[in-house]
Amino acid sequence: MNLSFSFIVPVFNRPDEIEELLASLMVQTYDRPFEVVIVEDGSTISSRDRAQAFKDQANSLITISYYEKPNSGPGNSRNFGMKKAKGNYFIILDSDCIVPKGYLETVNESLRSEFVHCYGGPDAAHESFTLVQKAINYAMTSVLTTGGIRGNKKAVGKFQPRSFNMGISKEAFEATNGFGLIHPGEDPDLTFRIWAQGYDSKLIQDAFVYHKRRIDWKKFYNQVTKFGKVRPILNKWHPHTAKITYWFPSLFLMGLFFAVLLIFVNIKLPFYLYVVYYALIFIDSLIKNRNLAIALLSLFAVSTQFLGYGLGFLKSSILVNFNKSRAEVLFPELFFKPNNVADTKD
């Protein structure tokens, strides 16, 4: 297959992020033409000038397109961008990513050696990130937390990509109609529908991006709570994809609650097991980040992750399975409404 790549980047009120992302795309080592499609999703703070500045200085290998549209969420905006794109393989990025200069070359080599219609790449913490960003990155990516439940990383057809760093062929996009209106959760939902069409996915381990996740602790808690709420909905939509591992954060919380209660009847072993687990988190983060403060913050990040995800998952599991109302009615905050208003192109 003669691959022609188009980066698809929705953006909402984050021109500074687009500037950093475009700067990293401008220095790619890939020596063939590629495209960057920026979709402004109803922002009140425009990225138009930043996009135009890079468009003016882009070399002959890079084409930058900029579109404005009413707000309808990241999934719908990605679909919009893919419909406008000229390539035959789309690479979805979040606006808060920085791309290493060898990224596209790595993707091209991997797809040529073992082609799949969908791939995902990991995220890493850039040295410029704050301590909190690095701690949150650890919590979101470590195999000791929920970072290990997206599927077997080595097996083709098993990995569930995330839309901050995800590739999808034009063929697979057209076969599935792209992302749905749920958010978050639009990326695993699309992956499951890609699998249902007979296409495989894989992880390209070396195709990583630096994902900034510009959020504070409150925003992080709200985000992981939504992740927890979404999973039972996806399990109901795609029952064959449900896994017992999705229950881990909720079971972790319930186990910790009973472990504390058992201390009052002089049964301390369950609580000590939790102490050992947190010690492993601390040591693992310390080894990976080589920073005592990040290791300590990682304990708080993991606790926040389990608390938010676990409670969200429990609430959603009860409502989704014992209430006859549709998910859109039960959790309206998780769904965007479609918007088909014509775009404006720069």
So what's Rg/Rh here for segment 72-113, counting alpha carbon atoms and using the Kirkwood radius for Rh? 1.02
1/(1 + (r/R0)^6) with r = Cβ-Cβ of K219 and F115, R0 = 56 Å, i.e. FRET efficiency to nearest 0.05, evaluates to 0.90
Exposure proxy check: V36, V209 ranked by fewest other beta carbons within 10 Å? V209, V36
Of all beta bridges DSSP finds with both residues in the chain, what is the antiparallel percent, to the nearest 5? 35
Among F300, L251, N13 the positive-end extreme of the charge dipole of the chain (Cβ point charges): L251
Give the order of R290, R50 when sorted by the count of other beta carbons within 10 angstrom, beginning with the fewest. R290, R50
Compute the length gained on full extension between Q205 and R48: take 0.36 nm times their separation in residues and subtract their Cα-Cα distance, giving the result in nm to one decimal. 53.2 nm
Residue span A175 to V143: 0.36 nm per residue of separation minus Cα-Cα distance leaves a gain in nm of 8.3 nm
By how many nm would the segment from L251 to A124 lengthen if fully extended, with 0.36 nm per residue of separation less the alpha-carbon distance? 42.9 nm
Report ³J(HN,Hα) in whole Hz for each residue of segment 278-290, in order, from the Karplus equation J = 6.51 cos²θ - 1.76 cosθ + 1.60 where θ = phi - 60°; Gly and Pro get x. 5, 5, 5, 4, 4, 5, 4, 5, 5, 5, 6, 9, 6
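Just so you know, all these numbers are worked out from the coordinates, no wet-lab data involved. Nothing here was measured: the structure is a model prediction, and the numbers come from that model. Note that we place each Cβ from the backbone using ideal geometry, even for glycine, and neighbour counts take in every protein chain shown.
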